[in-house]
Amino acid sequence: MNAKDTRRRTWITVLVIAAIVVVFLLLVDIGAVIDELRNADWVYLGLATGALLIGYYIQTLRWRHLLGDIPPTNYTFHTMNVSTFTNLMTFIPTTPIRIFFMGEREDVSIPQATSSLTIAIVFDWVMKIIAILGAIVLLAPIDSNAGTIVGFIGVIILIFAGLLLLVHNLDKIIAWATPLLLRRGFLKEEQVEGMLSGLAQGLEEVGTTKKVAVIFLYSIVSWSFFIGFYILGLLALNIKPSAEVLVAMALVAAFLVNPTGPYLPGVFNVLLVVPMALVSNVAIEALVAYSLVIYAILLVIWLLLGVWGMRQYKLSLSELRERAREGYDLMRQAKEVGNNDSPEAN
């Protein structure tokens, strides 16, 4: 990533944040927001932070499991956090950085890291789908709580069955999907081949029904803690609608804002506040205060964990920036030439 791209992204970022801040100042009672912040419950905020960290750790275990339990847990954990920190500092995407740093290990190749992250992303999207469908079920006019629970469990079972169908019929699905993507003109032929080959390799490594179940379980547990993070944050700001609406608000938040990845200030707040306002009768000032508190927690955690990871890597900020750019350029060059045997970073 060259300096010109970095400057352009920086200016775009500044303009986006400025525009959102102006809109908030025009539409929101700032005094009411400050009052909401003053009344925040620090016990709930501490519990929310704990739930967030547990979710991060479980996602670390999931990625390590996808890599065949080869890299140490602490290395996997720091690799995830350093990539997030790098994105905050440089705007370089997290995925190629994670691939690059993981691929530097002698016992893990870049193709292995790529396919494992592809599957992790697929399962995260599955969790997003479950979250939004769960919110719909909770907000639907079902007469009993038992009906709501049965409906939500049914959604999870159907999604799991779909994953098994995908894994065990991979060749047929790829043969069907390839011409469809090409016909629609969404992607170029080399992009389709690269995307589907990475997905195929990852799913082949997942392989058995048992391993699909283990990864699915890791995903459900980690995302449950992320949803708990959003729920506890709502309670900390004394936002207490009915139980169904409370959980639905957290599910909508998890669908739109994955707490594992960095977001621009302002953009994050809009993504959180607008949909929550649409699914509840909560005052907009309370939701703005909530989004500010949640973002502050995430930002502090991203920075602290990133600095910790840098210390483990024994890298200064300038060295980390150079290594991140090196990794990004390496991934981009490999993608451009369409080389299936990505060059090793070792």
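Since every read-out is calculated from the coordinates, none of them should be taken as a lab result. Because the structure is a prediction, the values reported are computed rather than measured. For neighbour counting, all protein chains shown are included, and Cβ atoms are generated from backbone atoms with ideal geometry for every residue, glycine included.
Taking label points 7 Å from Cα along the Cα-to-Cβ direction, ASN258 and ALA277 give a separation of 2.7 nm.
Taking the average, over residues, of other Cβ atoms within 10 Å as the packing measure, peptides 211-221, 107-117 rank 107-117, 211-221 from highest down. Site pair ASP69 and LYS128 shows an inter-label distance of 3.1 nm when each label is modelled 7 Å from Cα along Cα→Cβ. The spacing between the stretch 223-283 and the stretch 98-140, judged by their C-alpha centroids, is 21 Å. Between LEU315 and LEU299, the contour length at 0.36 nm per residue exceeds the Cα-Cα span by 3.7 nm. Using the Cβ-Cβ distance between LYS211 and ILE136 with R0 = 41 Å, the FRET efficiency computed as 1/(1 + (r/R0)^6) comes to roughly 0.85. The ratio of the alpha-carbon radius of gyration of the stretch 250-291 to the globular-protein estimate 2.2 N^0.38 Å is 1.08.
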